[in-house]
Amino acid sequence: MVFSPVLLLAAFFVGQVAAHGYVPFIRINGQTIPGWDVTKDPYTTPQPLRVVRGTKLDSGFIDNPASNDITCSIGNQKLPPGPISATVAAGGTVEVLWNTWPLGHYGPVLNYMAKCPSGGCSSWKGDTGSPWFKIQQDVYANGEWASDTLAKSGFKYTVKIPSKIAPGNYLLRHENLALHAASSVGGAQFYPVCIQLTVTGGGSLNPSGLSFPGTYKATDPGIHFNPYQGEAANKAYVPPGGSVYPGLN
Ligand SMILES: [Cu+2]
């Protein structure tokens with residue numbers, strides 16, 4: 001059977017948009033809070049105030065870890081429309097509710113935080129300096145990549161906010177890293193989402209040290225990786241961004 005290149009290309013782009021997920025809701029203490037709905041929020045006037053940073057008008061991926069989009073997704077240069085954040089207690093949880101996630105977009109789920117400067121999160125892009133620290137990661141367990149576990153869990157992922165960090169305003173950078181095409185350099189797909197949080201309680205820890213962009217390199221072993229080598233290789237996979245910051249809990 002002969003396929004028209006034009007039709008194939010069209011199908012490719014439709015698949016790209018349809019297949020990827022975004023985060024229209026989060027949940028804290030049983031309360032559901034609107035995130036950023038790429039199908040509605042950009043088209044609503046006035047633009048709604050959301051705790052999840054707005055992204056470009058689709059749910060596409062970032063393929064260049066040196067891009068400024070790597071901080072908080074495509075369109076990070078456009079700051080969110082309002083100074084709102086969700087309140088969560090240190091030691092509490094934020095449930096990230098993706099609308100969907102495709103099985104077979106193999107990869108880890110990585111979670112970072114950064115404390116916003118005294119002016120708050122809404123006027124801060126988080127793309128300079130080294131304000132980020134890793135708080136939680138899930139990689140490969142029970143024969144399954146964390147991305148597939150997320151997809152099979154109703155597209156829900158639960159982030160625990162560290163109990164010992166100082167109270168204040170933070171960005172939570174939650175990320176799916178899809179490796180299904182990552183056996184080629186530049187083939188990894190990054191899907192970060194930034195959530196504006198006000199953390200209450202906690203301790204006196206003020207971790208930092210990572211940069212977005214900066215920490216990830218296209219040639220990192222956790223970014224240039226073939227996920228089809230089998231169980232042993234997948235179990236040995238080391239995600240980018242290093243270990244979880246010590247002593248957070
Ligand atoms: Cu995809």
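The values are calculated or read from the model by the stated rules, or taken from the named source; none is laboratory data. Quick caveat: nothing in here was measured; it's all calculated off a predicted structure. Counting neighbours? That spans all protein chains shown, and the Cβs are built from the backbone with ideal geometry, glycine included. Just the protein is used for accessible areas: all its heavy atoms, side chains included, with ligands, DNA and RNA removed. Shrake-Rupley method; radii C 1.70, N 1.55, O 1.52, S 1.80 Å.
Assorted remarks:
- Residue in the stretch 99-111 that is open to solvent by 60 Å² or more (accessible area, probe 1.4 Å) and in contact with an Asp or Glu (Cβ under 6 Å, 6 or more places away or on another chain) present: yes
- Among the residues making up the stretch 117-159, those that are assigned to a loop (DSSP other than H, G, I, E, B) and either crowded, with 21+ Cβ neighbours inside 10 Å or on the phi > 0 side of the Ramachandran plot (or both) are 120, 121, 126, 129, 131, 142, 143, 154, 155.
- Checking every residue in the stretch 144-164 against the condition of being under 21 Å from residue 209 (Cα atoms) and within 16 Å of the ligand (Cβ to nearest atom) gives zero matches.
- In the stretch 58-72, the qualifying residues are those that are among the hydrophobic types (A, V, I, L, M, F, W, C) and under 21 Å from residue 157 (Cβ atoms), and the one that is surrounded by the fewest Cβ atoms within 10 Å (Cβ to Cβ) is 61.
- Qualifying positions in the stretch 170-180 - within 15 Å of the ligand (Cβ to nearest atom) and farther than 14 Å from residue 102 by Cα: 175
- Restricting attention to the stretch 172-183 and to residues that are farther than 11 Å from residue 135 by Cα and in contact (Cβ under 8 Å) with a residue 24 or more places away in the chain, the residue that is most open to solvent (accessible area, probe 1.4 Å) turns out to be 183.
- Residue match in the stretch 213-228 (condition: within 24 Å of residue 56 (Cβ to Cβ) and either touching a helix residue (DSSP H, G or I) at 6+ places or on another chain (Cβ under 8 Å) or assigned to a strand (DSSP E or B) (or both)): yes
- Pairs, first within 23 Å of residue 117 (Cα to Cα) in the stretch 203-223, second open to solvent by 40 Å² or more (accessible area, probe 1.4 Å) and basic (Lys, Arg), C-beta under 8 Å, six or more apart: 203/164; 204/164; 205/164; 206/115; 208/115
- Residue check for residue 224: surrounded by 17 or more Cβ atoms within 10 Å (Cβ to Cβ) and touching a Cys at 6+ places or on another chain (Cβ under 9 Å): no
- Residues within the stretch 19-57 that are open to solvent by 30 Å² or more (accessible area, probe 1.4 Å), more than 16 Å from the ligand (Cβ to nearest atom) and among the charged types (D, E, K, R), tallied: 3
- Scope the stretch 64-98; condition modelled with pLDDT of 95 or more and within 15 Å of the ligand (Cβ to nearest atom); matching residues: 98
- Conditions (1) open to solvent by less than 10 Å² (accessible area, probe 1.4 Å); (2) closer than 19 Å to residue 29 by Cα: number failed by residue 169: (1)
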